[in-house]
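Enquirer: Structure below; questions to follow.
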Amino acid sequence: MPKKLLIANRGEIAIRVARTCTKMDIKPCAIYSDADKNSLHVKYCDESIDIGGSNPSESYLRLDKIIDAAKRLGCDLIHPGYGFLSENPKFAEICKKEGLIFVGPPFEAMSVSGDKARARKIASKVAPVVDGQEISNESHAMTLAEKIGYPVILKAVEGGGGRGLRIVNSPEELNKALISSINESTISFGSGRIYIEKYVQNPRHIEVQILADHLNVIQLGERECSIQRRHQKLIEESPSVALTSEMRSAITKAAIAVMKEIQYQNAGTVEFLFKDGKFYFMEVNARIQVEHPVTEAVTRVDIVEQQLNIALGNGLSIRQDDIKIRGHAIECRINTEHPLTFVPFAGTVKKLVVPTGDGIRVDTALYSGYSIPVFYDSLIAKMICFGNNRIEAIEKMKTSLKSFRISGIPSTIPFHISALNDKRFVEGKYDTSFIEKMAPFSSKDGEIPAAIFYVLPKKTKFIKVEENEEYDPWMKSRFDWINTFDVMYNNNTNRWIR
């Protein structure tokens, strides 16, 4: 009898997992909240259960509801996807106690990777790390920061996703930043543990994809994830143009060594900071990543399939010698956000036209008529473009973005078009400060997708502005949570108005 798997997630990642389950003759089952009754991921699964609630704390973060749903559906396995409970060691532990196979690392390995202070200490045996350690109080933080040297960064020991992160440039800023970091970490992760480390200014963010079973640990190459806003990735690509063959060999070997040290199994990612030809261990992500399709495009490996093989005890069906990186792939994360301010929007999709073609992949749960809930992440689609080389991949992505139509809601497609036209991106000479230094929209960006006009007055037009930046809404508002409609172009006076 075919195995049954519960996908403890929603949206595009649930659809992604369901497709591979079907391919492997495993019956995918879904859970959905009250807000997700019409979500497309439910239709991709053989069976589904309404677990109630709308907020994540009432639904997708409820361990008891998820375990109960798995039992009622008669499931053998649970795949956590990404986000929600995917990196919660307690989830993996309870699955094991309840006789359910958790598609992810063992509880013990996840306990290490989820404790950033502990993971950092273990990783330091086999990989470079920046100076830093966990702090016990404000006095300890002050002493340690002085020893390390400013600027420093505060991080949540038991968290991620940018929450709890605070950059501190002087002793005067430390107390306020520490209180803020502890408060946000406590609210987000239920823990106020914080550690301090030397802040590496404007590095590149490079991560290595790992697959491991009980015998072997292999790497599937690296991904460049330096284009970020508030520590949230927006564009990823593979391979990284920043690495030489020697650097690539060193960073992938270090990633494998880290995973061996924590006795990791299943799919995971080792993240590094990279600057001036040197790399430093940052953290382990003990789950499948949002950006995993980039690696799948250049390796032709179905990462979810390997996850399931490992979880079922069959082990990896590939070896390191089978991994050959070919061509280049880029992923753009498309969010339902205002393209100038990045303020999230909810609403109903009136019409959806998704690009298709050779080397083009779109992972999404959108459809025409779908009402986007306000309760969850603003990610609505991932577009992945593959080319025989980087230039081909960039051009294919630019063309695909211009033909991607999502009407009824705003999206960040215009941002991506502008980013891909930026000289620094084209030349591969960028780091995590990319967005801060990005030029405003201009005529060189070509067609501005129709999505932007659904939130702007019909008479608004984009022009290249030469005057003071304070009159340019792109530079003025896109990094601030303000009302962009207060800053508009007046066609009668030919000036920006506020």
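The values are calculated or read from the model by the stated rules, or taken from the named source; none is laboratory data. All of these numbers come straight from a predicted model, not from anything done at the bench. Note: ideal-geometry Cβ built from the backbone for every residue, glycine included; neighbour counts use all protein chains shown. The protein model used for the area step is the full one, side chains on, heavy atoms only, and it has no ligands, DNA or RNA in it. Shrake-Rupley method; radii C 1.70, N 1.55, O 1.52, S 1.80 Å.
Enquirer: Could you derive backbone 3J(HN,Hα) for region 190-204 from the dihedral phi with the Karplus parameters 6.51, -1.76 and 1.60 (θ = phi - 60°), listing whole Hz in sequence and x where the residue is Gly or Pro?
Expert: Computed from phi, the couplings for region 190-204 are x, 8, x, 5, 10, 10, 10, 9, 4, 8, 8, 7, 6, x, 9 Hz.
Enquirer: Taking 8 Å as the Cα distance limit and 6 or more residues as the minimum spacing, I'd like the relative contact order of the chain as a percentage. Mind dumping the intermediate values first?
Expert: Numbers: 1044 pairs, mean separation 60.1, N = 498.
The value is 12 percent.
Enquirer: Please turn the phi angles of region 31-43 into ³J(HN,Hα) values with the Karplus equation 6.51 cos²θ - 1.76 cosθ + 1.60 (θ = phi - 60°), one per residue in order, whole Hz, x for glycine and proline.
Expert: Couplings: 10, 8, 8, 4, 6, 10, 4, 9, 6, 5, 5, 5, 6 Hz.
Enquirer: Taking the Cα centre of region 15-94 as origin, sum charge times position over the Cβ atoms of Lys and Arg (+1) and Asp and Glu (-1), and report the length of that vector in debye to the nearest 20. Could you put the intermediate results ahead of the total?
Expert: On the way: 11 positive and 12 negative charges, 46 e Å.
In total the dipole reaches around 220 debye.
Enquirer: Please state the charge dipole magnitude for the chain, taken about the Cα centre, from unit charges on C-beta atoms (+1 on K and R, -1 on D and E), reported in debye and rounded to the nearest 20.
Expert: Values: 66 positive and 62 negative charges, 147 e Å.
That gives a dipole near 700 debye.
Enquirer: Report ³J(HN,Hα) in whole Hz for each residue of region 120-127, in order, from the Karplus equation J = 6.51 cos²θ - 1.76 cosθ + 1.60 where θ = phi - 60°; Gly and Pro get x.
Expert: Along region 120-127, the couplings run 5, 5, 5, 5, 4, 6, 10, 8 Hz.
Enquirer: Quick check on region 204-444: take the gyration tensor over C-alpha atoms, sort the square-rooted eigenvalues as a ≥ b ≥ c, and tell me if it's rounded (a/c under 1.5), prolate or oblate.
Expert: Details: a/c = 1.83, a/b = 1.43, b/c = 1.29.
Judged from the Cα gyration tensor, region 204-444 comes out prolate (a/c at least 1.5, a/b above b/c).
Enquirer: While we're here: Which whole-number percent gives the relative contact order of region 4-103, counting Cα pairs below 8 Å spaced six or more residues apart? If you can, show how the numbers build up before the last one.
Expert: Values: 176 pairs, mean separation 29.2, N = 100.
Here the relative contact order equals 29 percent.
Enquirer: Within region 134-168, which residues have the backbone N less than 15 Å from the label spot 7 Å out from ASN183 along Cα→beta-carbon, could you tell me?
Expert: Counting only backbone N, you get 164-166.
Enquirer: Excluding ligands, DNA and RNA, what is the solvent-accessible area per residue of region 4-103 at a probe of 1.4 Å, expressed in Å²? Mind showing how you got there, number by number?
Expert: Details: 3870 Å² over 100 residues.
Accessible surface, normalised per residue, equals 39 Å².
Enquirer: What does the charge add up to near ALA255, with Lys and Arg as +1, Asp and Glu as -1, over the other residues with Cβ less than 12 Å from its Cβ? Could the numbers behind the result be given before it?
Expert: Working: positive: ARG223, ARG248, LYS253, LYS260; negative: GLU207, GLU222, GLU261, GLU271, GLU283.
Overall, the nearby charge balance is -1.
Enquirer: Let me ask you something else. Can you give the FRET efficiency for ARG326 and ASP46, using 1/(1 + (r/R0)^6), R0 = 45 Å, r = Cβ-Cβ distance, to the nearest 0.05?
Expert: On the way: r = 35 Å, r/R0 = 0.77.
So, using R0 = 45 Å, E works out to roughly 0.85.
Enquirer: Moving on. Could you tell me whether the chain comes out rounded, prolate or oblate from its Cα gyration tensor? Rule is a ≥ b ≥ c as square roots of the eigenvalues, rounded for a/c under 1.5, then prolate if a/b exceeds b/c, otherwise oblate. Walk me through the intermediate numbers first.
Expert: Values: a/c = 1.43, a/b = 1.16, b/c = 1.24.
Taking the square roots of the gyration eigenvalues as a ≥ b ≥ c, the chain is rounded.
Enquirer: Suppose only helical runs count, i.e. DSSP H with n ≥ 4. What mean residue ellipticity at 222 nm does that imply for the chain under -39500 (n - 2.57) per run, divided by all residues and rounded to the nearest 500 deg cm²/dmol? Intermediate values should be presented prior to the final figure.
Expert: On the way: 15 runs with 150 residues, N = 498.
About -9000 deg cm²/dmol.
Enquirer: At 1.4 Å probe size, put ASP46, ASP363 in order of accessible surface, largest to smallest.
Expert: From most accessible down to least: ASP46, ASP363.
Enquirer: If Lys and Arg each add +1 and Asp and Glu each add -1, what is the summed charge of the other residues whose beta carbon sits under 12 Å from the beta carbon of GLY11? Walk me through the numbers on the way to the answer.
Expert: Details: positive: ARG10, ARG16, LYS382; negative: GLU12, ASP36, ASP363, ASP377.
Here the charged neighbours net out to -1.
Enquirer: Of LYS147/LYS278; LYS97/LYS233; LYS37/LYS65, which ones are farther than 24 Å apart at the Cα? Can you show the working numbers first?
Expert: Details: LYS147/LYS278 22 Å; LYS97/LYS233 35 Å; LYS37/LYS65 16 Å.
Table pairs above 24 Å Cα-Cα are LYS97/LYS233.
Enquirer: Give, rounded to the nearest 20 debye, the magnitude of the charge dipole that region 283-392 has about its Cα centre when Lys and Arg contribute +1 at Cβ and Asp and Glu contribute -1 at Cβ. Kindly include the intermediate steps, with their values, before the conclusion.
Expert: Values: 11 positive and 13 negative charges, 49 e Å.
Its charge dipole is roughly 240 debye.
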